[in-house]
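See below for the structure under consideration.
The values are calculated or read from the model by the stated rules, or taken from the named source; none is laboratory data. Predicted model only: the values in this text are computed from it and were never measured. Note that each Cβ is placed from the backbone with ideal geometry, even for glycine, and that neighbours are counted across all protein chains shown. These accessible areas exclude ligands, DNA and RNA; they are computed on the full protein's heavy atoms, side chains included. Shrake-Rupley method; radii C 1.70, N 1.55, O 1.52, S 1.80 Å.
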Amino acid sequence: MKDSPTIGLKGDARMDDGRLGDAERLKALARTGLMDGPGPGAHQRAARIAARLLDVPVSLVSFVDDTRQYFSAHVGLEGDVARESGSGLSHSLCQYVVKSQEPLIVTDARHDPRVCENGAVRDLGVVAYLGVPIRSPDGHVLGSFCVIDRKPRNWSEDDVEHMLDMAAMIESDIRLRETLEERDIILQEMSHRVRNLFTIINSMLRMERRTHDTADELAESMGARLKALSDAHEMIVPVVNARRTTGATTTLDALTRKLLAPHGAESETRISISGEHVPIGAKAAVYLTLALHELATNAAKYGGLSADGGRLAITWRQTDDDMVEINWEETGIDWKANAEPRTGFGARLLSIAVEGQLAGEIKTQIDSGRFQRKLHIPLQRLQT
């Protein structure tokens, strides 16, 4: 086999132990749900094809977190490791594929200093090993698609190419599953919005009727608010379109003001909005709209915008490490009865949008008279 940086590791120096516990990688792995039960049929078919094509006794589709490996599909395993469909990292060669982010090619593991002390060699009879990375749609190495022989073997370039091709098929399956889940989330969100729409309109009517003396004034003001609500809802576009669009489409200031317009103007002193200029790309606009709309709806139904004395302040800033910190703070309402943030679909949607799709972080703090959420999102993600 000719020497190539794309096939085979040259030494332990190229392995990064920190990659196993990388928070973003673990989030990407958790989103697949592939550590929790049997994998899809496509994974088992890939394992069977690899075993026949390369004439090996064992083939695995292995996903690796920071403590264990789990086989979404396997061929030829026996004993406890087969019954449990996995093992600890003490008996995992697949972890080295994650650490290196490259194919791992082992001719004879018993004499290879990179892996010879691993329990899989001693206890599971692994001699020859060929594993290639399985990547998430956003590029994180989630595990290894591998074949194992019980005797020494010189893997050919064709062997490696066959494994890479089949790993790409597994990655396509993961990408398809994620896309279908995203579309389902969008459909659920639209249904969620329709149910909330009447609550929002009723809240606006109660607020407006106290501030206008005539029906004409009330109708004009309500018409303007309903138009703003419609404009905000139109920001939710199909995910597939968002993936094909590039470049900034709006700003964080414009997006926030449009989404909050139906709930009251800044001149009414209930809502304040301020922050630096932050461009927002097409894909990010979809998920940020989902998140901010969810926060606004909750504020109108349960929080700072649900009572006469309530207030909402939204500020943001760009930090030195190229993160954008969005501070959402509601005051003027007693939060003692709601000591924990609400859970359910809305909380899941918020997590998927901010943590899953925007690679951000959500921090919540609740005091007796204040509800605060801080969203930390990489600037680069907001510009996609």
Just to confirm, what accessible area per residue do you get for region 26-130 at 1.4 Å probe, in whole Å²? 41
Using a Förster radius of 35 Å, what is the FRET efficiency between Ser306 and Glu276 based on their Cβ-Cβ separation? Nearest 0.05, please. 0.75
Given the whole protein assembly as supplied and a 1.4 Å probe, what does the accessible area of Ser368 come to in Å², nearest 10? 70
Could you sort Asp17, Asp65 by accessible area so the largest value comes first, with the probe set to 1.4 Å? Asp17, Asp65
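Could you pull out the pairs from Lys258/Lys283; Lys258/Lys374; Lys27/Lys99; Lys27/Lys374; Lys27/Lys301 whose alpha carbons sit more than 27 Å apart here?
Lys27/Lys301
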Region 214-221 - phi-based ³J(HN,Hα) in whole Hz, Karplus 6.51/-1.76/1.60, Gly and Pro as x: 10, 5, 5, 5, 4, 5, 5, 5
Taking a label point 7 Å from the Cα of Lys27 along the Cα→Cβ vector, which residues of region 134-164 have an amide N closer than 19 Å to it? 135-143
